[in-house]
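Report on the structure given below.
The values are calculated or read from the model by the stated rules, or taken from the named source; none is laboratory data. Remember, predicted model here, so these are calculated numbers, not experimental data. Ideal geometry is used to build each Cβ from the backbone, glycine not excepted, and the neighbour counts take in all protein chains shown.
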């Protein structure tokens, strides 16, 4: 290929790249309007009416303080084995049966496993809700927690 | 202008001709073949990765509670963020492919032979650095897959003899994957590895300049052509072509993100990225000791290949044992890659 032909090709490809970037710019607004499925599915206000009592308990009894809005923004918990954070709750449906979760809410997690056994005791732990919540309230809370699992999540890029 | 040049020359006492010299170098005519331009392709991709990487750091927050959301923010909220992230990701994959293709070309044409053995070793180091770049970069997304791929990937380091455990602790910043791991990987990804790759690329180029471009065996042509503008134009064409492919790929397949990393919920099916498939498949097929030991031997073999090949040539001259062994290993790697991609 001659030098002149190569120069023309560089110009041509330059225009093609410019065109591609313009198309990308045109698509930009559309892409940014798309909401993140993982974020929307965990957003607290989007719960259906049936889950509202569970959300109310989650907020009023302070679960939200440590586990964060939508159970997905765990507070920092120094030296806790769970990534030094209060665990996220969005996958409890996969990790616990209903009975296990009832037991966990009733008994709490008084001792949080240390990341470094020689390190400090993690300051945050889960208290017992045995005397605070009725069976019905625990059921409502679990219904809400199960609803936090991201829907239609697309793993990978 | 001449006064300004004189002023500058007094303060920067380097002759203009000295600066122009690398651009005036004559290249052997076989370099006109596109396949011999593969060496410049990783450098082009590295520049694309550096530029997009810098832009991504404007919005990325390397802390577990925020890393995932900052990536989601880049992907769904930041103007053209999806494009920048998509190009960064695509270019990282292409970089691995480009380095591999370049290595295959060097291997097949046996351009690693005396006196270029050290440059081959630098090339292998560049390949491993590229893989480390990809691994640390993937871990920064902090979604479920990236978190668990990091956990499993770093677990393997523990089995490296002698230095495995301290190295694992150094990388993770603790016995398990924790917030320190993310900040360390971020540090490696944007500071340590760029410095390492910059030095390696520099040394690689210096060696090419010192020895001159190698000629394929049996090529007796004496003609040459200038580095500038001829070769620079060819590399520019490749660079523009890559950018067009990347932008259009991202337009049609924009990046997304999985659910946030949850340390206490292991996903049912964890796999590394495709470039680790051959190693992953090999480790699944063998016991841990054989798997790790075999991988380490393979890497050592890659580093020492010019000397191994020279030894094979002495043992059995003109039998092309090196090419046969290399091809066998390449095919085996390809089989593992395809196997893990479709069946694993």
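If I ask for residues that are within 18 Å of residue B:290 (Cβ to Cβ), in contact (Cβ under 8 Å) with a residue 24 or more places away in the chain and assigned to a helix (DSSP H, G or I), which ones from region B:153-167 would you list? Selection gives B:156 alone. Filtering region A:9-39 to residues that are modelled with pLDDT of 90 or more, more than 7 Å from every other protein chain (Cβ to nearest Cβ) and surrounded by 13 or more Cβ atoms within 10 Å (Cβ to Cβ) leaves only A:19. Of B:272, B:229, B:263, which residue is modelled with pLDDT under 90 and part of a helix (DSSP H, G or I)? Criteria check complete, one pass: B:229. For region B:228-249, the criterion of being more than 30 Å from residue B:108 (Cβ to Cβ) and either at the interface with another protein chain (Cβ under 10 Å from one of its Cβ atoms) or surrounded by 15 or more Cβ atoms within 10 Å (Cβ to Cβ) (or both) is satisfied by at least one residue. Residue-level check: of (1) in contact with a helix residue (DSSP H, G or I) (Cβ under 6 Å, 6 or more places away or on another chain); (2) within 14 Å of chain B (Cβ to nearest Cβ); (3) at pLDDT 85 or above, residue A:143 misses just (2).
Considering region A:84-97, the residues that are under 13 Å from residue A:147 (Cα atoms) and more than 7 Å from every other protein chain (Cβ to nearest Cβ) include one that is farthest from the chain's Cα centre (by Cα), namely A:93.
No other residue among A:131, A:118, A:77, A:107 is under 24 Å from residue B:147 (Cβ atoms) and either touching a strand residue (DSSP E or B) at 6+ places or on another chain (Cβ under 9 Å) or in the same structural domain as residue A:50 (by TED's automatic domain parsing) (or both) apart from A:77. Please verify whether region B:273-282 includes one or more residues that are over 18 Å from the mean Cα position of the chain (by Cα), free of Cβ contacts under 8 Å to residues at least 12 places away in the same chain, crowded, with 16+ Cβ neighbours inside 10 Å and under 26 Å from residue B:133 (Cβ atoms). No, that holds for no residue. Summed over region B:313-344, residues that are within 24 Å of residue B:101 (Cβ to Cβ) and part of a helix (DSSP H, G or I) total 22. In region B:1-62, counting only helices (runs of 4 or more DSSP H) that sit wholly within it, the ones holding 1 or more residues that are at pLDDT 85 or above and under 30 Å from residue B:73 (Cα atoms) span B:40-57. Within region B:144-185, being in contact with a helix residue (DSSP H, G or I) (Cβ under 6 Å, 6 or more places away or on another chain) and within 11 Å of chain A (Cβ to nearest Cβ) holds for B:146, B:172, B:173, B:174, B:177, B:179, B:181, B:182.
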